[in-house]
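Working notes for the structure below.
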Amino acid sequence: SVVGREPSGAEAIGCCAASSGAATAEASATGRLLQAPRAGAREGAHWRAAGGRGAAAAGAEAEAEGEDVGSEAEDLDWRDFRARLVQQEAQKGEGAATAEATAGGGGGGDVDESGGEQSDGWAYATPIIEQGSLLLSAPGDHFAINQQYFHKTVIFIVDHSPNFTKGVILNRPTAFSTGDLRDTLQISAADPLLNSSTDAWNVWCGGDCQGLNSRRSLFDGGVDYCCLHTVERLRPFSNEIIKGAFVIALPEAQRLVEEGEADKDDFLLLVGYCGWGPGQLQRELDRGDSWTLAAADRRQVLGRLREEQASLTQRLEAAIAAPGLDAAAPGAPLARPTAREVGDGIAEWSRLYRALGPRFVEELKNDTETHTDEMLRRWVDACLIPPRYKPSERKQDSDNDFDLLETGTLLRASAKDWVLGKPGYRMRMDTLTADGVPCQYLHKAVLMLAKDYVPRSKDYALVVLLNGPPVGRVEDKDRREVYFGGASSVGGNGNVFEVKGPEPQMLQGMVVVLPRVLEELIDTGALEVVDDMDLQEVLAVPRGERWTAAGGRIETLADAVEARLGDVQKKMWYKRFLGLDLDMVEE
């Protein structure tokens, strides 16, 4: 499985991290480091620095140039040593004060907003992808429409080769415990993840590949998980990713906890991962708009592991201990944790982003984007809280047991279910449409079936949007305006077709809904059949008023909040996918 934000079409303009002084210095310093393990290094460790002959050779070379490194190279981890070289290189080019700030303290200190050292370790921007790198998403709205889990995320690269890069998200806690996974993941009962000894372990979202959204384990390779820790005495049972940060097999971690050799809060249990194919991550970095690549030591990466675990446990316990609820009573509702209690991870991302130096601190000062923060929280609510806390999404009084929906049937989309591109109950499942594009454009949509649809069949449902914005004109003598009808291309003639009415409507594109999905959307209220209005009546109403004319209503304050967010998301969708500014378009 390969994930990551797909290319936006922009031309590559060089690595986004290479513009900083630290990155340039790091590239120069890394040229002196070796591509094979130093003496005594763990067999199989990844050493992927670009060129050079190793830390010892680098130290000798630096001494020859008169740099004050002496025998320190023998005592330092190679990444610590490189951080020191980064600082020295930056000092040469920019002066000591600027270099110290830009390199994040290099030889052992973090940097606060004023450029002073702290005791939390070192961090700096780097252009080099390697095992142990950190990938921080850039501030902005890059992930508002899709893959919201990547917004303000911290990804730890645990493996890197020319063919594949694997990382795990470090700042996405969940309300899941391992006990919840029995009901939500299709995996063998013998899987160590379901061992009853770990029922109370917190689960963290490591990524969307083979993770909490897994539904077809026989086809997608099963669930992928790992345990990270920083306990030095557990080194014999672990593999080292960077100095002082380890990965351990879950059965081994379970055994150590059972035998009293470790505590469950010593381990960060991550389910799922983020993966990139050959060259994919480098291309995303080259675009320079989504990611910042960094190097950091164990204190920066996992130094707060135990306190983060303990804090998550406390927040969840407080959330479900709602006063006035008798959890032991049959059928008693469970108090539901929200994204507020689970946590959105933004504070941890901000801490690490600031640690990269003054340029990044300044970026955060200028970051006024809060809408995408809210989209991340909506995603946490939809995906990182187990079903036992959630009421059924289906209507209790649903009477939509129809055998046929005829051509011309009108549908009205909800004003609250399309904020994330699909209804919440489907966020952890497959896409809705054949094109795979997120569907924020269906917010407050009025739609018409373009062909008969038989529910529970293997047929696709073809529907067209009746209140989309103008996207062009027909190249004929009348120059008639063409309106957006959906994101899927169907048929020829530029996918433009005519809907008959008092004034014929020219539409481009359709919405091709996957088999058996349309009836689900109707059953949950994301779409509703319009019974008291026909097509001609809809077409006679101005486009911007058609949703209300078709019966669309916002009845509560909570619905109004969701509708407002949906309005913003729809505008962002049209801007990103069609280059349209809806504020400038008359609907």
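For the pair region 276-305 and region 500-522, the centres of their Cα atoms are 41 angstrom apart.
Could you put Arg456, Arg255 in order of accessible surface area, largest first, with the 1.4 Å probe and the full protein assembly present? If you can, show how the numbers build up before the last one.
On the way: Arg456 125, Arg255 75 Å².
Highest to lowest solvent-accessible surface, that is Arg456, Arg255.
In region 430-457, whose amide N lies under 16 Å from the spot 7 Å out along Cα-to-Cβ of Asp534? List them in ranges. Those under the cut-off are 449. For region 239-272 versus region 344-371, the inter-centroid distance based on Cα atoms is 30 Å.
Go through His160, His229 and list them by solvent-accessible area, largest first, probe radius 1.4 Å. Write down the numbers at each step before the final one.
On the way: His160 30, His229 0 Å².
The ranking, largest first, comes out as His160, His229.
Pairs exceeding 18 Å between alpha-carbon atoms, taken from Lys152/Lys444; Lys416/Lys451; Lys264/Lys390; Lys416/Lys570; Lys422/Lys570; Lys390/Lys444: Lys152/Lys444; Lys416/Lys451; Lys264/Lys390; Lys390/Lys444. Taking all protein chains as they are arranged and a probe of 1.4 Å, the heavy atoms of Lys571 leave approximately 80 Å² accessible to solvent. Solvent exposure of Leu582, expressed as accessible area, is near 20 Å², computed with a probe of 1.4 Å over the protein chains only.
When both region 538-587 and region 440-480 are represented by their alpha-carbon centers, they are found 16 Å apart.
Find out how many positive minus negative residues lie around Gly579, taking Lys and Arg as positive, Asp and Glu as negative, among other residues whose Cβ is under 15 Å from that of Gly579. Mind showing how you got there, number by number?
Working: positive: Lys570, Lys571, Lys575, Arg576; negative: Asp581, Asp583.
Net of charged neighbours comes to +2.
With every protein chain in place, what's the accessible area of Phe577 (1.4 Å probe, Å², nearest 10)? Counting only protein heavy atoms, the figure is 90 Å². Other residues with beta-carbon under 11 Å from the beta-carbon of Glu308 carry, at +1 per Lys or Arg and -1 per Asp or Glu, a net charge of 0. Could you tell me which of rounded, prolate or oblate describes region 209-313, using a ≥ b ≥ c as the square roots of the eigenvalues of the alpha-carbon gyration tensor, with rounded for a/c under 1.5 and, failing that, prolate when a/b is larger than b/c and oblate otherwise? It comes out oblate by the Cα gyration axes.
Compute the signed sum of charges (Lys and Arg +1, Asp and Glu -1) over the other residues within less than 11 Å, Cβ to Cβ, of Pro251. Result for the neighbourhood of Pro251: -2. In whole percent, and with a 1.4 Å probe on the protein chains, what portion of the accessible area of region 440-587 is carbon and sulfur? Taking all protein chains in place, region 440-587 shows 49 percent carbon and sulfur surface.
Placing Glu261, Glu520 in order of accessible area, with the largest value first and a 1.4 Å probe, yields Glu261, Glu520.
The values are calculated or read from the model by the stated rules, or taken from the named source; none is laboratory data. Here the structure is a predicted model, which means the values were calculated and not measured. Heads up, the Cβs are rebuilt from the backbone with ideal geometry, glycines too, and the neighbour counts pull from every protein chain shown. For the accessible areas, the whole protein counts, side chains as well, though only heavy atoms, and no ligand, DNA or RNA atoms are used. Shrake-Rupley method; radii C 1.70, N 1.55, O 1.52, S 1.80 Å.
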